[in-house]
Amino acid sequence: MDRQRKIRKSVNILTNDPSFTAWGYAVVSGKNVITTGCIKTEPEHKKRRIRKGDDTVRRISEINHNLINLIKTHNINLILCELPHGSQNASAAVMIGAVAAIMQTLADTFNIAIEWYSEQDSKKHLLNKKAATKQEVIDAVKSKYKLKWHGIKYKDEAVADAMAVYHVARSQSALIKMLTE
């Protein structure tokens, strides 16, 4: 029984707002937010004089390395992730597929359970409405969680969205309830 309690108390959750340009994340352990951040990548194919496809692969690799470091450093036991949806063009559709594949592949590779949540579910649970501004999400997260904010708009938006995913999962996930009881 003591071993089960010890295991349950050491649940480290990586919650994500995946994006090719500004991937928001937070590591939560128990009721404590251990770290937050944003993995920012930008297209550099023109500057580097490489093919667009090669630059896409470079960006994927950069995101992978950052996430792997988080998983290993914080001994992640569970991953939560917003499921990307919709796109304005073919390039955006590729990026949506890539970020979902990155997260699922890392979960599969490290044998970590993963749960996916929609953006609408996160906002509805956090704010009781399906559509909200970025600032409304930030303000709601600030009222519910003690975080170290970065003071940079895109970073704070990405972290707030990652925490919104955690917020909905905390109430809806049977796995979180089982692991943290």
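Any read-out appearing in this document is the output of simple, stated calculations on the displayed coordinates, not a laboratory observation. In this text, all values refer to a predicted model and were calculated from it rather than measured experimentally. We place every Cβ from the backbone using ideal geometry, glycine too, and count neighbours over all the protein chains shown.
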Round to the nearest 10 and give me the degree value, 0 to 90, for the angle of helix 52-73's Cα axis relative to the longest principal axis of the chain.
20
With Cα atoms, 0 to 90° folded angle of helix 90-110 axis to the chain main axis:
40
Estimated inter-spin distance, ASP139 and GLN104, nm [label 7 Å along Cα→Cβ]
3.7
Suppose each label sits 7 Å from its Cα in the direction of the beta carbon; what would the ILE112-TRP149 distance come out to in nanometres?
2.7
Counting each DSSP H run of 4 or more residues in the chain as -39500 (n - 2.57), what helix-only mean residue ellipticity at 222 nm follows after dividing by all residues, to the nearest 500 deg cm²/dmol?
-18000 deg cm²/dmol
Under 8 Å for C-alpha pairs, at least 6 residues apart: give me the relative contact order for the chain, rounded to a whole percent.
29
Projected area averaged over orientations for region 55-102, convex hull of C-alpha atoms, nm²:
3.7
Total formal charge among the other residues, if their Cβ is under 14 angstrom from that of LEU80, Lys/Arg +1 and Asp/Glu -1
-4
Does anyone have the angle between helix 153-172 and the longest principal axis of the chain? Alpha-carbon axes, 0 to 90°, nearest 10?
40
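Where nothing but the Cβ of Lys and Arg (+1) and of Asp and Glu (-1) is charged, how large is the charge dipole of the chain around its Cα centre, in debye to the nearest 20?
Numbers: 29 positive and 18 negative charges, 87 e Å.
It works out to roughly 420 debye.
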Reciprocal mean inverse distance between Cα atoms of region 2-180 - Kirkwood radius, Å
16.8
